[in-house]
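To start, the structure itself, in structure tokens.
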Amino acid sequence: MYAGNVGAAVRACANFAITRMALVAPACSLDEHDFLRMAMGAERRVRIDTAATLDEALAGIEVAVVTTSARNRDHRAILTPAELCERLVEAAPASVGVVFGPERRGLSRPELHRCQLRCSVATDPGFPVLNLAQAVAIVLAALTAARLPAPRPANELDLPAPTLEFDAALAHLHEALLAAGFLDRDNPSRVMNQLRRLLGRAVPTRRELAIVRGLAAHVVWLSRRDPA
């Protein structure tokens, strides 16, 4: 197996906070230039073990999942990454091992049968084979999405605004649109309810609500100016 592919797979593990990888009878060295170049330092974050057989690599693993291209196999027994995630949440195993095979020949039937669950990434049937690192990244992204924290903005102003601040901004906008004559004073909620839904779908940040309030203040100021 090409050392660069293994390095890229190690990098994908580090991307998704996977701290252990086992290589079964590796045909490349972890000292090779291509491995180190593609791993980009991830080899310092992921413990990489070697095993002579798949059984040895899976020793102590409660649930083993094998990835497969699904060609010429019973598709009813093969899960998508999302379905696999749901199944594992239901089963709640203490440990999970995900097995990826070589790109060119895949895994043998005994290797496939060694694992309890099968998973496949949907691809174009005309060009179905994924690069090893691509497959690792796609499957791990699905499996770890629920437990990895979403990126958090560095500035508090870029966080979603609390409900009370959202309500206050809408009240200010309501006042401004009444002052400008835009809203029907007898039924202002007809338009304001739609504006609330529109702005609510955007989940505005504090910074964005400050712009809304600045706009409202300016509309109020304009409406109070002496036309002369």
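The values are calculated or read from the model by the stated rules, or taken from the named source; none is laboratory data. Computed from a predicted model, the values in this text were never measured in an experiment. Here Cβ is always computed from backbone atoms with ideal geometry, including for glycine, and neighbour counts include all displayed protein chains.
List of remarks:
- Options Leu143, Leu183, Leu157, Leu164: the member that is assigned to a helix (DSSP H, G or I) and surrounded by 14 or more Cβ atoms within 10 Å (Cβ to Cβ): Leu143
- Any hit, region 106-124, residues being in contact with a strand residue (DSSP E or B) (Cβ under 7 Å, 6 or more places away or on another chain) and of a type in the set (Ser, Thr, Tyr): yes
- All told, Pro149 meets the bar of being more than 26 Å from His218 (Cβ to Cβ), at pLDDT below 90 and either crowded, with 16+ Cβ neighbours inside 10 Å or not assigned by TED's automatic domain parsing to the domain that holds Glu83 (or both).
- Pair list, Cβ < 7 Å and 6+ apart or interchain, from region 10-21 residues that are in contact (Cβ under 8 Å) with a residue 40 or more places away in the chain to residues that are assigned to a loop (DSSP other than H, G, I, E, B): Arg11/Met40; Cys13/Val46; Phe16/Leu148; Ala17/Leu148; Ile18/Val46
- Within region 101-139, the residues that satisfy the criterion of being surrounded by 13 or more Cβ atoms within 10 Å (Cβ to Cβ) and among the charged types (D, E, K, R) are Glu103, Glu111, Arg114, Arg118.
- Residue in region 218-228 that is modelled with pLDDT under 90, over 30 Å from Gly7 (Cα atoms), among the aliphatic types (A, V, I, L, M) and more than 22 Å from the chain's Cα centre (by Cα) present: yes
- Enumeration of residues in region 101-137 that are in a helix (DSSP H, G or I), in contact (Cβ under 8 Å) with a residue 12 or more places away in the chain and under 20 Å from Gly7 (Cα atoms): Leu132, Ala133, Ala135, Val136, Ala137
- Condition check for Ala176: buried (at least 17 other Cβ atoms within 10 Å of the Cβ), assigned by TED's automatic domain parsing to the domain that holds Ala8 and either within 30 Å of Val98 (Cα to Cα) or in contact (Cβ under 8 Å) with a residue 40 or more places away in the chain (or both): no
- Of all residues in region 63-92, those that are assigned by TED's automatic domain parsing to the domain that holds Ala22 and farther than 13 Å from Pro128 by Cβ have Cβ atoms under 9 Å from Cβ atoms of residues that are modelled with pLDDT of 90 or more and of a type in the set (Phe, Trp, Tyr), 6 or more apart or on another chain, in Val66/Phe100.
- Complete set of residues in region 187-197 that are within 23 Å of Leu222 (Cβ to Cβ) and not in a helix (DSSP H, G or I): Pro188
- The residues of region 3-51 that are modelled with pLDDT of 95 or more, more than 19 Å from Ala135 (Cα to Cα) and among the hydrophobic types (A, V, I, L, M, F, W, C), listed by number, are Leu36, Ala51.
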